[in-house]
Amino acid sequence: MKVPVSWLKEYVDFDASPEELAKKLTFSGTEVESIQTIGGDFKGVVVGEVRSIEKHPGADNLLVCKVNSGREEVSVVCGAHNFNVGDKAPLALVGAELPNGMKIEERKVRGVISMGMLCAEDELGLSDDHSGIMLVSRNIPAGTPFSEVAGPPETVLSVEITWNRPDCLSIIGMAREVAALFRTSIKLPSVDFMERGEPVEMLADVDLQDVEGCPRYTARVLTDIKLKPSPSWMQKRLTLCGVRPINNVVDITNYVLLECGQPLHAFDYELLTDHKIIVRRGHTGEKMTTLDGIERQGLEKSVLITDPARAVALAGVMGGAGSEINDNTRNVLLESAFFHPPDIRRTSSKLGLSTESSYRFERGVDIGGVEWASRRATALMVEHADAVAAQGVIDVYPNKRPEKKIKCRFQSVKNLLGVDVADEEIVNIIKSLEFSITGCKKDHCVVGVPTFRPDIEIEADLIEEVARIHGLDKVPTIVPQARVVVDADDSVTRATIACRSNLIGLGLMEIMNYSFLSEQLLNAISSADIDSRVVLPNPVSSDYAVMRNSLIPQMVDTLGRNLAHQVDSVSLFEIGKVFLKDNNNKISEENHLCIGLMGKSGRAGLNKCKPVEREEIFLWLKGVIEALAVSQHVGNLVFKPLNCSRMDADGAVSIEMNGHVCGVMGLVKQEIRKKWRMIEPVAVAEMNMVALIQWIFTPFELHSIPVYPSVSRDVAMVVDENVRHDDILKIIKKAAPQELTGIELFDIFRSEHIGACKKSMAYSLVYRSLERTLTDEDANRYHEIIKEALRKELKAEIREGK
Amino acid sequence: MTAEEIIKLKENALKECQAAGTMNELEAVRVRYIGRNGYLPQVMKGLKDVDPSERSEYGRIANEFKNQVSAALDYKKTELAERGTAEAKSVFDYSLPGVWRSLGTKHPISSIIEETVRIFGKLGFTVAEGPDVETAYHNFEALNTPAHHPSLDQTDTFWFETGELLRTQTSPVQIRVMESRKPPIRIITPGRCYRRDTTDATHSANFHQIEGLYVEKNVSLADLKGTLAYFAKEMMGTGVDIRFRPHFFPFTEPSVECDFTCHVCGGKGCRVCKNSGWIEIAGAGMVDPRVFKKVGYDPEEITGYAFGMGIERIAMIKYSINDIRLLYENDARFLSQFI
Ligand SMILES: [Zn+2]
């Protein structure tokens, strides 16, 4: 909201620079966003009279004017067309410097010399208007310094009013704040006028049917109005606040709105059927056209101002077309009312229509000030529109509430703020904000809340008032004292932090994607999951239309986008929530971990030219998961072949931890990779975080270090290509004595010498007894048993070393 | 074979090993002494013929034979290999790139969350978490949000057909914790929140918040100020101070906004702080008694403070990131710098 300081000073006396004022306001809860100076000293700008207008010989859009500067006639090139010979406008002469920084010099415009400039309002820093040059009254003599016409420069504060303070959405409301801050009081303008007309009851009738939507409705009637421009001081103030002057009646309603925060509506009295106002809810299917010419539908439940024939205004939001002030208006019915804030909010948000009026009504105007505003506007109309005011006012206010009273205990103020505010100071602050003190005891006072402060409901609200006026800078900074809450458990967070740091230790880079993504991206990976997708009914855009039900699509996309940036080797992980929907449309969330590997990220050293093999990158990822499982104290990790629509048929496995399936890993299908132009294999895994974090704090048993030495024996064998490591392990474990304590695959070797479809696999087996030192014979005996089993079960050819 | 014979054998083996001048000669030594058909199997076989009382001594000597000969062979092998290298006149190139896996990196948002958790952990705060998909009750009503507050609009909040919504703040977690236990309460709640903002350099429809709640007998605004002042110094540096400005939040009464001294200019005024010397970081206040009543606490018995901060905002300020979108684009060239 804009607050011209000169206007503010009409209601409150204070002695402070705009900067000091802004600081005081900001630190009492009304944030001043900017301090703007409107206008200037206008040195070198005079009122010029246009003597002649000709087309520019070299440019169709430009005019060449002869302008009387009071001293001489100067030639000026001008781009605007909104004036005639004889009009008067601000003329910036050569040497002038305008408030917007522009310096006026003699210059040639397409071959014609221009000795000055006819100015638009924005160039003079008076408004943002650049629609044409500014015209001033023809009665002002040419040569008059423009500063005499414009008046002194104005300071305007831009303030941000919080949602709970509708009373500050007005100059008088701001004046109240300033008065409290400077411990003075405000002076309200006069609302006295002569009631020369007939009794208002003879002229109009108000039928308030919807007391809930409209707790108070007032109407006055003004006759014999002369529409004309409003006085220049009023126009100037409206302009400073960003409101365009129209005519005296409209301007006065706007002026009073800005002055005291009460939106008013002026109807053309003659256009109201039977001169009767009915306040009611809209009927089903009822329509009306608002002032902006748009037909509004869906008005059922909205509060409407109607006459017996039709709706004439969307209560509190916008007037209707066909009953508004027009050039022929002579008589006016002036509405000043209070509408129920949630009703106005609903209508405004349903229609997507927010106005100065709805903005205030939905926050709550001063129900006690409704009639005052009506009188204020009437007084101005009597004075500036020659109006004849009817006698009295129709004021329908059926459920007037008694003044709200709140007890304020001095000790509560001190306790809650941690500041020792004197009792007297508390009372003074409350009084300075125009609250009434109806009873002051030793330890408390009873506070009467004025109607313009609907936000004050309980004692804590009063304490806040004391805090902000007393000054938050007086709140001491107490060194925090940690009283520990003993039984709070945040082990899940700690386990997750541990998991993240283990993944980083394994060399992975953490990423973070949005919780929602596009349907297109989901479908690019798989459409098998459609039923479990949680769709957002009101997404910001189609890119973020579905809640993610897996972290894999965004992982693949992230890998693909990095590849497009020439980052071809990365190992990434993301920890985040996924959202799933069951058959009953119930939404659930799970915390997941996703890992994605691309390129040669698992290959250390110089061997980077060789393309990455499918099995190679798969095993890197498997290695990461194995290491992670160990670091998270997962006892038993098993991988089993799996069919997965997103992954290669032979390159996908399920992940089981301690007996529970908790995720999948594998190679992304080629047809999916192709969409991101990924040529080399890409490995991804996704698992539920619960499995990974639930054992990390489980106590574990230490094993004693072995007493007796171990004996190791190697076995190398030639087997068929289709034999897996797993098959060999099973056979060895089955055949082995309990002394076998370690099996390690140390070589896989293929050559012509071995033969096609064959491979040599070499294992190192470690034997150890807990009771004695094993002899070579022991080891040989065990080893022979195992070799025999391998020969028998796999038809393996055991290769004997020297 | 006797123990003495083994020792003799060992000495010979070590001598021959030392004398070997080529890899082939060395391999011959290996086969002769510790190969499959060499002396070692005989030595081991001898164990069973030894008197039981001497068996352990024999075993020790036999093992020593095996180990020392193996070690000598390995040593000589390296020596011969090095000599070969030296003869090829190549250099030991210490300047080659080191060979190890690359380091992993933590996402800046995680870093700020973990750091915040650590700092408040020192003050006795524990972490509490809650669902992203919330009820309107927990997200708004229980937090004293008026039914016609603009934040309830379709335009500001993501609503589901179930009537649930994506939480717009992590405050509902505070309600859930208060519903589930009695005071004292000292928690912080990091988490993801959602608002229907169109993404630009400073807005993101998906963002992170961390909120704190302390409920006890006699908690005051001064305690809140002390706690946030401590956090400011720990997070941003010892020279950083805080100040309060009055504000409005439905959940707290009184409500304040908390500014930190601009850590870039130290409060003198610069581009980052728009010449004010201060940067707005947190919203905070004393918990509204109406909120306590909703969760069944007696506001006459206890008071409490609550505060909330945007994680992205702190990350952007701390790391001088000028566009919030960088935090969600997952460009490895950006993230790899957060080592
Ligand atoms: Zn700064």
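Among the residues of the stretch B:224-242, those that are more than 13 Å from every other protein chain (Cβ to nearest Cβ) and touching a residue at least 60 places away in the same chain (Cβ under 8 Å) comprise B:Met235, B:Met236. The set of residues in the stretch A:493-536 being farther than 25 Å from A:Arg561 by Cβ and more than 7 Å from chain B (Cβ to nearest Cβ) consists of A:Arg494, A:Ala495, A:Thr496, A:Ala498, A:Cys499, A:Ser501, A:Asn502, A:Asp531, A:Ser532. Residue-level check: of (1) away from chain A (no Cβ under 11 Å); (2) in a helix (DSSP H, G or I); (3) closer than 20 Å to A:Asp778 by Cβ; (4) of a type in the set (A, V, I, L, M), B:Met1 misses just (2).
Applying the condition of being of a type outside the set (D, E, K, R), facing another protein chain (nearest Cβ under 9 Å) and not in a loop (DSSP other than H, G, I, E, B) to the stretch B:122-150 and asking which residue is surrounded by the most Cβ atoms within 10 Å (Cβ to Cβ) yields B:Val127.
Matching residues to (1) hydrophobic (A, V, I, L, M, F, W, C); (2) part of a loop (DSSP other than H, G, I, E, B); (3) within 26 Å of A:Ser302 (Cβ to Cβ):
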{"site": "A:Glu212", "(1), (2), (3)": "no, yes, yes"}
{"site": "A:Tyr217", "(1), (2), (3)": "no, no, yes"}
{"site": "A:Leu227", "(1), (2), (3)": "yes, yes, no"}
{"site": "A:Met234", "(1), (2), (3)": "yes, no, no"}
{"site": "A:Val250", "(1), (2), (3)": "yes, no, yes"}
{"site": "A:Asn254", "(1), (2), (3)": "no, no, yes"}
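Please determine whether any residue of the stretch B:157-175 is among the aromatic types (Phe, Trp, Tyr), touching a Ser or Thr at 6+ places or on another chain (Cβ under 8 Å), crowded, with 23+ Cβ neighbours inside 10 Å and facing chain A (nearest Cβ under 8 Å).
Filtering the stretch B:157-175 for residues among the aromatic types (Phe, Trp, Tyr) gives B:158-160.
Retained after the next criterion (residues that are touching a Ser or Thr at 6+ places or on another chain (Cβ under 8 Å)): none.
The answer is no; no qualifying residue exists.
Among A:Ile437, A:Ile430, which is the only one that is under 30 Å from A:Tyr397 (Cβ atoms), of a type outside the set (D, E, K, R), part of a helix (DSSP H, G or I) and more than 10 Å from chain B (Cβ to nearest Cβ)?
Details: A:Ile437 fails: part of a helix (DSSP H, G or I).
Result of the check over A:Ile437, A:Ile430: A:Ile430.
Which one is nearest to A:Asp292 (Cα to Cα) among residues in the stretch A:338-381 that are in a helix (DSSP H, G or I) and without any contact (Cβ under 8 Å) to a residue 24 or more places away in the chain? First the steps, then the outcome.
At the first step, the residues of the stretch A:338-381 found to be in a helix (DSSP H, G or I) are A:341-351, A:356-361, A:367-381.
With the extra rule that they be without any contact (Cβ under 8 Å) to a residue 24 or more places away in the chain, the set shrinks to A:341-342, A:345, A:349.
Values: A:Pro341: 23, A:Pro342: 23, A:Arg345: 19, A:Ser349: 17 Å.
That would be A:Ser349.
Among the residues of the stretch A:475-492, which ones are surrounded by fewer than 17 Cβ atoms within 10 Å (Cβ to Cβ), within 7 Å of chain B (Cβ to nearest Cβ) and free of Cβ contacts under 8 Å to residues at least 40 places away in the same chain? Result: A:Val479, A:Ala482, A:Arg483, A:Val484. Here the condition is being surrounded by fewer than 22 Cβ atoms within 10 Å (Cβ to Cβ), touching a residue at least 24 places away in the same chain (Cβ under 8 Å) and more than 24 Å from A:Met381 (Cα to Cα); of A:Ile278, A:Ile294, it holds for A:Ile278 alone. Within the stretch A:537-554, the set of residues being surrounded by 23 or more Cβ atoms within 10 Å (Cβ to Cβ) and within 9 Å of another protein chain (Cβ to nearest Cβ) comprises A:Met547, A:Gln554.
Does A:Ser348 satisfy being more than 21 Å from A:Val393 (Cα to Cα) and touching a His at 6+ places or on another chain (Cβ under 9 Å)?
On the way: more than 21 Å from A:Val393 (Cα to Cα): yes; touching a His at 6+ places or on another chain (Cβ under 9 Å): no.
Against the criterion (more than 21 Å from A:Val393 (Cα to Cα) and touching a His at 6+ places or on another chain (Cβ under 9 Å)), A:Ser348 does not qualify.
Got at least one residue in the stretch B:90-97 being surrounded by 13 or more Cβ atoms within 10 Å (Cβ to Cβ), over 30 Å from B:Phe338 (Cβ atoms) and either within 14 Å of chain A (Cβ to nearest Cβ) or among the charged types (D, E, K, R) (or both)? Checking the stretch B:90-97: not a single residue is surrounded by 13 or more Cβ atoms within 10 Å (Cβ to Cβ), over 30 Å from B:Phe338 (Cβ atoms) and either within 14 Å of chain A (Cβ to nearest Cβ) or among the charged types (D, E, K, R) (or both).
In summary, strands (runs of 3 or more DSSP E) completely within the stretch A:69-117 and bearing 2 or more residues that are within 48 Å of the chain's Cα centre (by Cα) occur at A:73-78, A:88-93. Being farther than 20 Å from B:Ile109 by Cα and assigned to a strand (DSSP E or B) is the filter here; which residues of the stretch A:568-583 pass it? If the condition is that a residue be farther than 20 Å from B:Ile109 by Cα and assigned to a strand (DSSP E or B), then A:Phe579, A:Leu580, A:Lys581 are the ones that fit.
Would you confirm whether any residue within the stretch B:304-315 is surrounded by fewer than 17 Cβ atoms within 10 Å (Cβ to Cβ) and among the acidic types (Asp, Glu)?
no
Of (1) more than 9 Å from chain A (Cβ to nearest Cβ); (2) at pLDDT 95 or above; (3) surrounded by fewer than 19 Cβ atoms within 10 Å (Cβ to Cβ), B:Lys268 satisfies all except one. Which? All conditions are met except number (2). Only one entry in A:Glu54, A:Glu10, A:Glu19 is in contact (Cβ under 8 Å) with a residue 24 or more places away in the chain and among the acidic types (Asp, Glu), namely A:Glu10. When B:Thr116 is tested against the conditions (1) buried (at least 19 other Cβ atoms within 10 Å of the Cβ); (2) under 30 Å from B:Asn24 (Cβ atoms); (3) among the hydroxyl-bearing types (Ser, Thr, Tyr), the lone failure is (2). When A:Val85, A:Val67, A:Val94 are screened for being crowded, with 16+ Cβ neighbours inside 10 Å and modelled with pLDDT of 85 or more, only A:Val67 passes. The residue list B:Ser111, B:Ser102, B:Ser70, B:Ser53 contains one member that is within 11 Å of chain A (Cβ to nearest Cβ) and assigned to a helix (DSSP H, G or I), which is B:Ser111.
Here B:Lys318 clears all of (1) closer than 30 Å to B:Ser180 by Cα; (2) within 16 Å of the ligand (Cβ to nearest atom) except the condition numbered (1).
If only residues of the stretch B:193-220 that are acidic (Asp, Glu) and more than 18 Å from B:Gln174 (Cα to Cα) are counted, the one that is nearest to the other protein chains (Cβ to nearest Cβ) is B:Asp197.
Would you mind telling me which numbered condition in (1) over 60 Å from the mean Cα position of the chain (by Cα); (2) surrounded by 13 or more Cβ atoms within 10 Å (Cβ to Cβ) A:Val707 fails? Of (1) over 60 Å from the mean Cα position of the chain (by Cα); (2) surrounded by 13 or more Cβ atoms within 10 Å (Cβ to Cβ), only one is false for A:Val707: (2). The sole residue among B:Asp93, B:Asp132, B:Asp51 that is within 29 Å of B:Ile187 (Cβ to Cβ), of a type in the set (D, E, K, R) and out of contact with any helix residue (DSSP H, G or I) (no Cβ under 6 Å at 6 or more places or on another chain) is B:Asp132.
For A:Cys445, the criteria (1) within 9 Å of chain B (Cβ to nearest Cβ); (2) not in a helix (DSSP H, G or I) hold in every case but one, which is (1).
Looking at A:Lys730, A:Lys795, A:Lys734, which one is surrounded by 12 or more Cβ atoms within 10 Å (Cβ to Cβ) and over 60 Å from the mean Cα position of the chain (by Cα)? So that I can check it myself, show each step before the final result.
Working: A:Lys730 fails: over 60 Å from the mean Cα position of the chain (by Cα); A:Lys734 fails: surrounded by 12 or more Cβ atoms within 10 Å (Cβ to Cβ).
None of the others qualify; the one that does is A:Lys795.
The listed residues are A:Pro229, A:Pro199, A:Pro215, and the only one of them that is under 28 Å from A:Leu333 (Cβ atoms), more than 14 Å from chain B (Cβ to nearest Cβ) and touching an Asp or Glu at 6+ places or on another chain (Cβ under 9 Å) turns out to be A:Pro229.
Just checking, does the stretch A:458-470 include any residue being among the small types (Gly, Ala, Ser) and either within 30 Å of A:His633 (Cβ to Cβ) or at the interface with chain B (Cβ under 7 Å from one of its Cβ atoms) (or both)?
Start the filter on the stretch A:458-470 by keeping residues that are among the small types (Gly, Ala, Ser), which leaves A:460, A:467.
Then keep just the ones that are either within 30 Å of A:His633 (Cβ to Cβ) or at the interface with chain B (Cβ under 7 Å from one of its Cβ atoms) (or both); that gives A:460, A:467.
Yes: one or more hits.
The values are calculated or read from the model by the stated rules, or taken from the named source; none is laboratory data. Nothing here was measured: the structure is a model prediction, and the numbers come from that model. Every residue, glycine as well, gets a Cβ built from its backbone with ideal geometry; the counts of neighbours run over all protein chains shown.
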